[in-house]
Amino acid sequence: MESIVIIGNGAAGLAAIKSFRKYDPKTPITVISKEGGAAYSRVLLPYVLRGKLTYDKLFIPYAEKFKELGVEYIESEVLSLDDKNNFISLSDGRQLTYDKLLIASGSHALLPPVEGIDQPGVHNMWTRKDLDALTEEFKTKKEAIVVGSGFVSLQAAWAARSHGIRVSIVEIADRIMPLVLDIRGSTIMTEQMAKLGVDVHTSAVTERVEKAPDGRFSLVLKDKDTIPADFIIVGAGVRANIEFLKDSGVVFNRTVPVDDHMRTNVADIYAAGDAAAGPSAFGDEHVTHALWPTAVEMGTIAGANMAGEDTSYSGSLNMNVTEMFGVTVASMGKFNDSDIDNYYVYGDETGKGYCKLCYKNDLIVGICLIGTPETVGMMGKIRPIIRRRLAVDCPPAKLDAFLSLRFFER
Amino acid sequence: MKVITIDPTKCVGCRNCELACAFINSKTTCERKASMIRVNHYIDEHAVIPMTCLHCDDPWCMAVCPAGAIVRDPDTNAVVIDQDKCAGCKMCMLACPYGNIHFDEERHVSTKCTLCGGRPRCVGHCISGALNFEEVEEYAAKTRSKVDEQMSRRMRMKCRPTGVSDND
């Protein structure tokens, strides 16, 4: 092979390089990064914003070593792909041919189609530039609105609150974190946030964003009072960076569907991470989990297969964890009432906090937690059980013991 | 390179290992929560199981860490967390299938066994021989000879006529 091209320098791209190099130390790799700069993880942005990590810790150390391993970096945008003739066209005018191509271009944060939302003072929290802009705002501003209540939004809200900024959350759904917590979890989280002085507005539809000459914002809600703020953070979903596939032969929807080998419909073209939709641990064929661990797994599989291996992905299991508002919030798999048929909530005496183990058809399918950090360790032990859809014949209260005893069984 | 090997059948649940680990890591306390090795008592099942990081060849924790904070110590082959780089995101805790990563709530970072730089204190303080620090091949050889012994004893039992005692 002459050359491998990877579009994107995020989780999937980095994992692919590591994995590819395990099997093929020679073939030159070229990485195209639109965002540019040293590789970093978006996961760490809230921790830097909050002040837990210094700015220099944002960057991933092992990525710097890749340059010595035959990896070349180009800071440019991919404008189009000619899959018949195996080359991509870049915004800097160049064309790059490839023997194998990995689409790991990730996603970008959206601004919802609301009048007045696209103006200075309204931020996403997705890129390093967003981090820099918000760090500036945090220095002088006193009041913020966070639109959206997913993991990213609430971490941004917590960062603001930790700086003494007054925060209001605006969420369209009837409860916060609708995709990552169950109903009871949302209630607990809302109470916890209220204790720390955060106002939560649910079933709140933003009609428009107005900005006064002095820079003060007014968020106008449908059938509710207008909320004032000095700046606004929007966490309302992401969209894959795959516009360049427009006139190519690669099949795509919101993301690029791939099989369990990360292959697209075109030979020698792979996709991984936020830009792709691959198998899930629950047997779905094409699902996009815009999560760091999923991107790492998919990139690892893609890299190995691009090097000539034949590895297959067992499927992505959605998992999220963070600490905010004084509690550890984590979830994995399926945990909403509509997706499960049985559940078990650990008692207060176990000291776990709110920890709900979820079943469907007698198999453990998920967990959600608002509680103590140590319980996350137990979730890690249960992860393979969910992943492999193993039946566990023991009462939920004894699950931890059951798993520990199995480790050493002969 | 040497690893800590665990034989739970020998563990008496004294928790010396936890005390030693907690003390060497914190320098101030022997409290269980400061220990990386954990001995779990399962009373109903009549079992005590010590468990500590296995320093896997292909560690899940290292692969998932978004900060690149988990690295391999070149001297001991141990998998270690660089606490300066750790953000405390806990993805490693979700990734470890053995539950071997713990959390320091004061410093807000993940913590794990470091093999004490090559002289694991838990092994040094184990009173029953449940914990050893040995090459994996040595451990496998011991296990193998135990299995050989068991198999040959079972076979002899099957060959003897009933009523004759089995004393070896």
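All conditions but one from (1) out of contact with any Pro (no Cβ under 6 Å at 6 or more places or on another chain); (2) away from every other protein chain (no Cβ under 14 Å); (3) assigned to a loop (DSSP other than H, G, I, E, B) apply to A:Asp260; the one that does not is (1).
Per-residue answers, yes or no, for (1) outside the structural domain of A:Ile29 (by TED's automatic domain parsing); (2) under 21 Å from A:Val48 (Cβ atoms):
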{"position": "A:Leu81", "(1), (2)": "no, no"}
{"position": "A:Asn85", "(1), (2)": "no, no"}
{"position": "A:Ile88", "(1), (2)": "no, no"}
{"position": "A:Gln95", "(1), (2)": "no, no"}
{"position": "A:Ile117", "(1), (2)": "yes, no"}
{"position": "A:Asp132", "(1), (2)": "yes, yes"}
{"position": "A:Thr140", "(1), (2)": "yes, yes"}
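Taking the condition among the small types (Gly, Ala, Ser) and modelled with pLDDT of 95 or more, does A:Ala295 pass? Yes. With respect to B:Met62, determine if the residue is in contact with a strand residue (DSSP E or B) (Cβ under 9 Å, 6 or more places away or on another chain), more than 7 Å from chain A (Cβ to nearest Cβ), of a type outside the set (Lys, Arg) and outside any loop (DSSP other than H, G, I, E, B). Criteria met by B:Met62.
When segment A:138-165 is examined, which residues are found to be surrounded by fewer than 18 Cβ atoms within 10 Å (Cβ to Cβ), among the charged types (D, E, K, R) and either in contact (Cβ under 8 Å) with a residue 40 or more places away in the chain or in contact with a Lys or Arg (Cβ under 9 Å, 6 or more places away or on another chain) (or both)? Selection gives A:Lys142, A:Glu143.
Among the residues in segment A:210-221, are any within 21 Å of A:Asn9 (Cβ to Cβ), away from every other protein chain (no Cβ under 14 Å), touching a residue at least 40 places away in the same chain (Cβ under 8 Å) and in contact with a strand residue (DSSP E or B) (Cβ under 7 Å, 6 or more places away or on another chain)? Scanning segment A:210-221 turns up no residue that is within 21 Å of A:Asn9 (Cβ to Cβ), away from every other protein chain (no Cβ under 14 Å), touching a residue at least 40 places away in the same chain (Cβ under 8 Å) and in contact with a strand residue (DSSP E or B) (Cβ under 7 Å, 6 or more places away or on another chain). Would you check if there is a residue in segment B:114-128 being within 11 Å of another protein chain (Cβ to nearest Cβ), closer than 30 Å to A:Ser41 by Cβ and in contact with a Cys (Cβ under 9 Å, 6 or more places away or on another chain)? Checking segment B:114-128: not a single residue is within 11 Å of another protein chain (Cβ to nearest Cβ), closer than 30 Å to A:Ser41 by Cβ and in contact with a Cys (Cβ under 9 Å, 6 or more places away or on another chain). Taken over segment B:65-90, the criterion of being within 13 Å of chain A (Cβ to nearest Cβ), surrounded by 15 or more Cβ atoms within 10 Å (Cβ to Cβ) and assigned to a loop (DSSP other than H, G, I, E, B) is satisfied by B:Cys65, B:Pro66, B:Ala67, B:Gly68, B:Ala69, B:Asp82, B:Lys85, B:Cys86, B:Ala87, B:Gly88, B:Cys89, B:Lys90. Hey, does segment B:99-108 have a residue that's out of contact with any strand residue (DSSP E or B) (no Cβ under 7 Å at 6 or more places or on another chain) and either closer than 14 Å to B:Lys2 by Cα or aliphatic (A, V, I, L, M) (or both)? Scanning segment B:99-108, I find no residue that is out of contact with any strand residue (DSSP E or B) (no Cβ under 7 Å at 6 or more places or on another chain) and either closer than 14 Å to B:Lys2 by Cα or aliphatic (A, V, I, L, M) (or both), so the answer is no. Among the residues of segment B:6-61, those that are farther than 24 Å from B:Leu94 by Cα and under 11 Å from the mean Cα position of the chain (by Cα) comprise B:Asp7, B:Pro8, B:Cys17. For segment B:1-52: of the residues being among the small types (Gly, Ala, Ser) and either in contact with a Leu (Cβ under 9 Å, 6 or more places away or on another chain) or within 14 Å of another protein chain (Cβ to nearest Cβ) (or both), which is nearest to B:Cys116 (Cα to Cα)? Here the residue is B:Ser35. Within segment A:360-379, the set of residues being farther than 14 Å from A:Ala401 by Cα and not β-branched (Val, Ile, Thr) comprises A:Lys360, A:Asn361, A:Asp362, A:Leu363, A:Gly366, A:Cys368, A:Leu369, A:Gly371, A:Pro373, A:Glu374.
Restricting attention to segment B:124-141, does a residue exist that is surrounded by 14 or more Cβ atoms within 10 Å (Cβ to Cβ) and modelled with pLDDT under 85? Taking every residue of segment B:124-141 in turn, at least one turns out to be surrounded by 14 or more Cβ atoms within 10 Å (Cβ to Cβ) and modelled with pLDDT under 85.
Touching a Gly at 6+ places or on another chain (Cβ under 8 Å), facing another protein chain (nearest Cβ under 9 Å) and small (Gly, Ala, Ser): is that true of A:Gly380 in this structure? Outline the logic, then answer.
Values: touching a Gly at 6+ places or on another chain (Cβ under 8 Å): yes; facing another protein chain (nearest Cβ under 9 Å): yes; small (Gly, Ala, Ser): yes.
For A:Gly380, the condition - touching a Gly at 6+ places or on another chain (Cβ under 8 Å), facing another protein chain (nearest Cβ under 9 Å) and small (Gly, Ala, Ser) - is met.
Check whether at least one residue in segment A:68-75 is closer than 30 Å to B:Gln83 by Cβ and either within 14 Å of chain B (Cβ to nearest Cβ) or of a type in the set (Phe, Trp, Tyr) (or both), and report yes or no. Give the derivation first.
Residues of segment A:68-75 that are closer than 30 Å to B:Gln83 by Cβ, as a first pass: A:68-69, A:71, A:73.
Retained after the next criterion (residues that are either within 14 Å of chain B (Cβ to nearest Cβ) or of a type in the set (Phe, Trp, Tyr) (or both)): A:73.
Among the residues of segment A:68-75, at least one is closer than 30 Å to B:Gln83 by Cβ and either within 14 Å of chain B (Cβ to nearest Cβ) or of a type in the set (Phe, Trp, Tyr) (or both), which makes the answer yes.
In the condition set (1) closer than 27 Å to B:Thr111 by Cβ; (2) of a type in the set (D, E, K, R); (3) in contact with a Phe, Trp or Tyr (Cβ under 9 Å, 6 or more places away or on another chain); (4) modelled with pLDDT under 95, A:Asp337 is compliant with all but (1). A search for C-beta distances below 8 Å between a residue of segment A:293-304 that is more than 11 Å from A:Ser19 (Cα to Cα) and any residue that is buried (at least 24 other Cβ atoms within 10 Å of the Cβ) and among the acidic types (Asp, Glu), counting only pairs 6+ apart in sequence or on different chains, returns A:Ala295/A:Asp274. Taking segment A:388-401 as the range and being in contact with a strand residue (DSSP E or B) (Cβ under 9 Å, 6 or more places away or on another chain) and either buried (at least 18 other Cβ atoms within 10 Å of the Cβ) or more than 9 Å from chain B (Cβ to nearest Cβ) (or both) as the test, the residues that pass are A:Arg389, A:Leu390, A:Ala391, A:Val392, A:Pro395, A:Pro396, A:Ala397, A:Leu399, A:Asp400, A:Ala401.
Note on segment B:99-113: among residues that are crowded, with 20+ Cβ neighbours inside 10 Å and in a loop (DSSP other than H, G, I, E, B), the one that is nearest to the other protein chains (Cβ to nearest Cβ) is B:Gly99.
The values are calculated or read from the model by the stated rules, or taken from the named source; none is laboratory data. Note that the coordinates shown come from a computational prediction; the quantities given were computed from them, not determined experimentally. Here the Cβ is made from the backbone with ideal geometry for all residues, glycine too, and neighbour counts use every protein chain on show.
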